[in-house]
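To start, the structure itself, in structure tokens.
The values are calculated or read from the model by the stated rules, or taken from the named source; none is laboratory data. On a predicted model such as this, the values are computed, not experimentally measured, just so you know. FYI the Cβ positions are ideal-geometry reconstructions off the backbone, even for glycines, and counts take in every protein chain you see. SASA here: full protein model, heavy atoms, side chains in, ligands and nucleic acids out. Shrake-Rupley method; radii C 1.70, N 1.55, O 1.52, S 1.80 Å.
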Amino acid sequence: MTDATPAPAPAGLRFWWLKLPFRHMTVLVVFLFVVKEQFPFSNFPMYSNFDAEADVLYIADQSGRPIGMDAAFRTGSSTAKKAWKKEVARIVNPTKRDTRQATPEERKAAGAVVLGDWFANMHRDYLPPGTTAVRLYRRTFELKEGKLGDSTPELLAQKPL
Amino acid sequence: MSATASTAKTPWWQPGPIDFSKSELLLMRLFFAVMVFFNVKWETAPYTTQRNPTGLAHFIDFTWLAHHPPGLVWKGIVAAGLFCYMLGIAPGATLAPAALTALMIGTLVTSKAMQHSWHLVTLIVLAQFIVYAWPKRRADWLRPSLAVHRLAIYATTVVFAAAYVVCGVVKLVNSDFRWIQKVPYLSVQLLKSNWASYYDTLQPVAPWLDRATQAIVDYPNIARLFFGAGLLIELLGFVILINRAWAFWGGLAIIALHLSISKVMDLHFEYHMAAALVFLVLPNVRHALRFRAPASV
């Protein structure tokens, strides 16, 4: 065999592998898409689907005044919302319902779990003076007939200090 | 089209490692080492449960990290390892403490509730670790050759591109390919994310928020153009692999995307922007803008 002899053409799977556009990235995209949310892998589904409603969770004192969550709990509102949604899903899963079909009682049950968890990691020094209890609220924003608005926050759970 | 040495004979859609110089690679490793260290959420105490296990948490209980948060010794070992990695000394071993720490703590934190701030940097650390830990030649293990360092950066860019492309694909699939049509509903999401920031910090929401969100509803097609551009940047994320110029412009587009998200949605992805700056923009600025040394007289 001389230097001028062309290399043998790759056969079978290898042929198609070498032809695949952006092959390493393409394989990783498929992998991430299939595996979904398993840290460190993710399909990054943030804001991939949305409708006319969106809700936010926050923690307040006994009179409903919000407490800065970053300082007092070291984790923020969006983390609380995700934890709460997971709890709601856990509650409604046995009946194969969507989390949006959860009853007020089921939402409250999930809220109690999340507030309990957040309460356990609370930094009391950062609570406003005079705080005697903490409450978990859910505030829902919606787009209705071309207008944006929000409803009265729903009390999900409460815990005395 | 490709400007890389190793892919000179391959078409642009089959890119390979870019021929970065030693100093460019060193600078990338230096900045990335700093990024990795600060990307780790060292404060593990609040994460006492794995109620929503993800990844390895399905098999391993990492809550011991909450009871024994990493101390100075642990941080010192990670920092020393990253220093050696930066110098290119046995990165297949010296990157291991950082990779393992990022993986364990990230798994614990996301097993409480999923967050996406740490995925990219952790994935890049793991990709580089794999490249360095399993080199083709044994001699490359202790002092990797230029080719191995270039391969590690190629793996980094592959991870980077895949993360953005899959993010765009998921938007299309999860919305039944109606993401662009549904853009007016993003106004509600904007309200949500800005108020979530308020509840985090108690800093007042931006005074323009109500006007901006209503404008999205009132002028849906302009909003579709604006947010559609963001979706396009994600779907076309693969262009950063083509060559240095594409990496530069693609990196700039990704940074612009994140800056606009920071401004409009109050969601901040500093490490994504930093990674784009370190791996895509800074090393390629001269090539993209075609700076040339003045001709000698």
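Here are the numbers for this structure:
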{"item": "Filter pass, A:ARG74 being assigned by TED's automatic domain parsing to the domain that holds A:LEU156, within 17 Å of the chain's Cα centre (by Cα), farther than 25 Å from B:LEU267 by Cα and charged (D, E, K, R)", "result": "no"}
{"item": "Tally, over segment B:88-129, of residues that are within 18 Å of B:THR156 (Cα to Cα), under 17 Å from the mean Cα position of the chain (by Cα) and part of a helix (DSSP H, G or I)", "result": "15"}
{"item": "Within segment A:49-161, strands (runs of 3 or more DSSP E) holding 1 or more residues that are closer than 26 Å to B:LEU209 by Cα, out of contact with any His (no Cβ under 7 Å at 6 or more places or on another chain) and at pLDDT 95 or above", "result": "A:53-61, A:133-144, A:154-160"}
{"item": "From the options B:GLN214, B:GLN189, B:GLN181, residue that is farther than 18 Å from B:ALA229 by Cβ and out of contact with any His (no Cβ under 7 Å at 6 or more places or on another chain)", "result": "B:GLN214"}
{"item": "Selection within segment A:109-131 - surrounded by fewer than 18 Cβ atoms within 10 Å (Cβ to Cβ), touching a residue at least 40 places away in the same chain (Cβ under 8 Å) and under 23 Å from the mean Cα position of the chain (by Cα)", "result": "A:ALA112, A:GLY116, A:PHE119, A:ASN121"}
{"item": "So B:ARG29, is it among the charged types (D, E, K, R) and touching a Ser or Thr at 6+ places or on another chain (Cβ under 8 Å)", "result": "no"}
{"item": "Positions within segment B:38-64 being at the interface with chain A (Cβ under 8 Å from one of its Cβ atoms) and of a type in the set (Ser, Thr, Tyr), in sequence order", "result": "B:THR48, B:THR49, B:THR54"}
{"item": "Test: A:ASP98 is within 17 Å of the chain's Cα centre (by Cα) and facing chain B (nearest Cβ under 9 Å)", "result": "no"}
{"item": "Matching residues, segment A:132-160, being of a type in the set (Val, Ile, Thr) and either within 12 Å of A:GLY64 (Cβ to Cβ) or open to solvent by 30 Å² or more (accessible area, probe 1.4 Å) (or both)", "result": "A:THR132, A:VAL134, A:THR152"}
{"item": "Checklist (1) at pLDDT below 95; (2) within 11 Å of chain A (Cβ to nearest Cβ) applied to B:LEU241, failing item", "result": "(1)"}
{"item": "Any hit, segment B:138-147, residues being open to solvent by 50 Å² or more (accessible area, probe 1.4 Å) and free of Cβ contacts under 8 Å to residues at least 12 places away in the same chain", "result": "yes"}
{"item": "Extreme residue, most open to solvent (accessible area, probe 1.4 Å), among residues of segment B:228-251 that are in contact with a Leu (Cβ under 6 Å, 6 or more places away or on another chain) and touching a residue at least 40 places away in the same chain (Cβ under 8 Å)", "result": "B:ILE233"}
{"item": "Count of segment A:70-89 residues which are surrounded by fewer than 19 Cβ atoms within 10 Å (Cβ to Cβ) and more than 18 Å from A:ASP55 (Cβ to Cβ)", "result": "3"}
{"item": "Odd one out for B:PHE177 among (1) more than 12 Å from every other protein chain (Cβ to nearest Cβ); (2) assigned to a loop (DSSP other than H, G, I, E, B); (3) out of contact with any Lys or Arg (no Cβ under 9 Å at 6 or more places or on another chain)", "result": "(1)"}
{"item": "The lone exception for B:PRO17 - which of (1) part of a loop (DSSP other than H, G, I, E, B); (2) within 14 Å of chain A (Cβ to nearest Cβ); (3) over 19 Å from the mean Cα position of the chain (by Cα) it fails", "result": "(3)"}
